[in-house]
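Each remark here refers to the structure printed beneath this line.
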Ligand code: SAH
Ligand code: SF4
Ligand code: F3S
């Protein structure tokens, strides 16, 4: 079908839809649009098959599309977790290879992509707010291309809502379709009808996608895709597909490349990095083995996130205890301190086994700092069950915690559970939990006053451009005065004042680090 015919068909489809709607006989919106329409399907996304995952090393933007973006600029807004930040760097790389330039201003942009997060309702509301704002801009500049990608686009409810209420959107593509961006972008520019391509089943692993990294100090290194844990509250296994590990040699090559290019810190990424390697059928190789090899690469700091407590094995602990560039910070999401709630969440560990694991890690790494994620107000959570979470936080003495009110996600088992806890009670529990978490952070920060700590200088502080900010190996934020030339360097800072969420300090010359 040529462009003219496609346009005509779309007009017909839109007219049929409008007529049916008027007479109250409208069918599901998707049935009206056959042109470029591959919608998501959460039920399909839940299935885990045995099909082989192929790895492709030959991705490149086709020659015929290398000038598609000539004279045009793009802007990518990234919401959600580090995985989305990582994906945005790939999308930016692809768009640059298509001849687009990047811009930081919406007024300048010819293409705006929203890389979205579906983890909680408020994350989704933020994106819909932004889509609403862009409506006026699209009216003034009809040639502007607005795209929605990331985890929200994997949900049929979101895609239906965009199609019904936000016709200003030109392009929707899913987390498994990033390598299709050249074709999809070209279609979106040419046809001006809404292009939708969201594969619900994960595809292969695409190595060698172009990459425009955001910084030159810290780099994300994805080690695996997807999640098979299916915690009952969580949408991620549906939006990111089954667990697929990258080959160790590809990861190591990427880390070496970053080291050669002067990066000072890498973060190994995955939804559940402790499951790394389980799907590599031809080798018995896990996260511990990978870290043991990365340890030998000349890069000052190596982090990893996120760990699921269930798969944290002794070999990994043994390797982490070797220290060196493997920093002593463990992000170990616990979610709840109560065994019944943990069971309903399908986390598959108990309060006791979590504490026991943390004990083993602390024994091997006495200076390790722990951080966590906690959900309050899971369906029917009682006051006593919540207090178990409080007591666990107290016992664990976390350096910091990310705390959330439970948000039902359509399609997950927990969303079907009845819930007798009023929202005000949940809000109050969050407030009480945060109070405890903040007190603990302040106390932990106080304890390092007077110490000299190694800090990787990340840049100007957000509040005051005269002040620089950086992080310790244990991921504490430190503010201090120093020349801008220090940015990107590892320096030593004496901690002079502890705040609740950060430390103030003074640069010192020597390395008598305590
Ligand atoms: N893969 C990571 C977590 C990714 S999501 C892990 O398992 O640790 C980050 C955090 O968001 C989770 O740890 C959890 O605390 C929170 N979260 C996930 N789903 C949620 C929901 N439906 N409502 C509220 N918080 C949620
Ligand atoms: Fe979600 Fe659980 Fe997977 Fe983390 S491990 S992404 S919380 S299902
Ligand atoms: Fe959000 Fe998707 Fe990450 S739901 S937290 S962006 S994996």
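Only residues that are closer than 11 Å to residue 194 by Cα and part of a helix (DSSP H, G or I) were counted across the stretch 160-177, and they come to 2. For the stretch 134-165, a residue qualifies if it is more than 16 Å from ligand 2 (Cβ to nearest atom), within 15 Å of residue 112 (Cβ to Cβ) and touching a helix residue (DSSP H, G or I) at 6+ places or on another chain (Cβ under 9 Å), and the qualifying residues are 143, 144, 145, 146, 147, 148, 149, 153, 162.
The residue pairs whose first member lies in the stretch 397-408 and is in contact (Cβ under 8 Å) with a residue 60 or more places away in the chain, whose second member is assigned to a loop (DSSP other than H, G, I, E, B) and within 14 Å of ligand 2 (Cβ to nearest atom), and whose beta carbons are closer than 7 Å, counting only pairs six or more residues apart or on different chains, are 404/120; 406/233; 406/378; 407/120. When residue 208 is tested against (1) surrounded by fewer than 17 Cβ atoms within 10 Å (Cβ to Cβ); (2) at pLDDT 95 or above; (3) away from ligand 3 (no atom under 16 Å from the Cβ), just one condition goes unmet, and that condition is (2).
Of the strands (runs of 3 or more DSSP E) lying entirely inside the stretch 425-514, those containing at least 3 residues that are under 21 Å from residue 323 (Cα atoms) and touching a residue at least 24 places away in the same chain (Cβ under 8 Å) are 452-460, 490-498. Of the residues making up the stretch 298-309, those that are within 25 Å of residue 228 (Cα to Cα) and assigned to a loop (DSSP other than H, G, I, E, B) number 3. Could you tell me whether residue 304 is closer than 22 Å to residue 459 by Cα, surrounded by 21 or more Cβ atoms within 10 Å (Cβ to Cβ) and within 15 Å of ligand 1 (Cβ to nearest atom)? Yes; evaluated as a whole, the condition is true for this residue. Taken as a whole, the condition of being in contact (Cβ under 8 Å) with a residue 40 or more places away in the chain, surrounded by fewer than 19 Cβ atoms within 10 Å (Cβ to Cβ), over 22 Å from residue 408 (Cβ atoms) and assigned by TED's automatic domain parsing to the domain that holds residue 443 applies to residue 353.
Residues that are within 16 Å of ligand 3 (Cβ to nearest atom), farther than 28 Å from residue 138 by Cβ and in contact with a strand residue (DSSP E or B) (Cβ under 7 Å, 6 or more places away or on another chain) do not occur anywhere in the stretch 175-182.
Would you confirm, using the coordinates I've provided, whether residue 237 is within 12 Å of ligand 2 (Cβ to nearest atom) and at negative phi? Criteria met by residue 237. None of 336, 369, 307 is within 14 Å of ligand 2 (Cβ to nearest atom) and within 30 Å of residue 488 (Cβ to Cβ) except 307. Taking first residues from the stretch 234-260 that are assigned by TED's automatic domain parsing to the domain that holds residue 151 and partners that are at pLDDT below 95 and in a loop (DSSP other than H, G, I, E, B), no Cβ contact under 8 Å between residues at least 6 apart in sequence or on separate chains turns up. The criterion of being touching a helix residue (DSSP H, G or I) at 6+ places or on another chain (Cβ under 9 Å), away from ligand 2 (no atom under 15 Å from the Cβ) and modelled with pLDDT of 95 or more holds for residue 251.
The number of residues in the stretch 310-325 being surrounded by fewer than 21 Cβ atoms within 10 Å (Cβ to Cβ), assigned to a loop (DSSP other than H, G, I, E, B) and touching a helix residue (DSSP H, G or I) at 6+ places or on another chain (Cβ under 7 Å) comes to 2. Checked against the criteria, residue 220 counts as away from ligand 2 (no atom under 16 Å from the Cβ), assigned to a strand (DSSP E or B) and under 20 Å from residue 91 (Cα atoms).
Here is a check on your reading of the model: is residue 416 away from ligand 3 (no atom under 16 Å from the Cβ) and in contact with a strand residue (DSSP E or B) (Cβ under 6 Å, 6 or more places away or on another chain)? Considered against the rule, which asks whether it is away from ligand 3 (no atom under 16 Å from the Cβ) and in contact with a strand residue (DSSP E or B) (Cβ under 6 Å, 6 or more places away or on another chain), residue 416 comes out as no.
Condition check ((1) surrounded by 21 or more Cβ atoms within 10 Å (Cβ to Cβ); (2) over 17 Å from the mean Cα position of the chain (by Cα)) across all residues:
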| residue | (1), (2) |
| --- | --- |
| 130 | no, yes |
| 146 | yes, yes |
| 149 | yes, no |
| 152 | yes, no |
| 198 | yes, yes |
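Inside the stretch 231-247, residues that are assigned to a loop (DSSP other than H, G, I, E, B) and more than 16 Å from residue 276 (Cα to Cα) make up a count of 5. All conditions in (1) crowded, with 17+ Cβ neighbours inside 10 Å; (2) touching a residue at least 40 places away in the same chain (Cβ under 8 Å); (3) not assigned by TED's automatic domain parsing to the domain that holds residue 257 hold for residue 227, with the sole exception of (3).
The values are calculated or read from the model by the stated rules, or taken from the named source; none is laboratory data. Keep in mind the model is a prediction, meaning the values are calculated, not measured. Cβ: placed from backbone, ideal geometry, glycine included. Neighbour counts: every protein chain shown.
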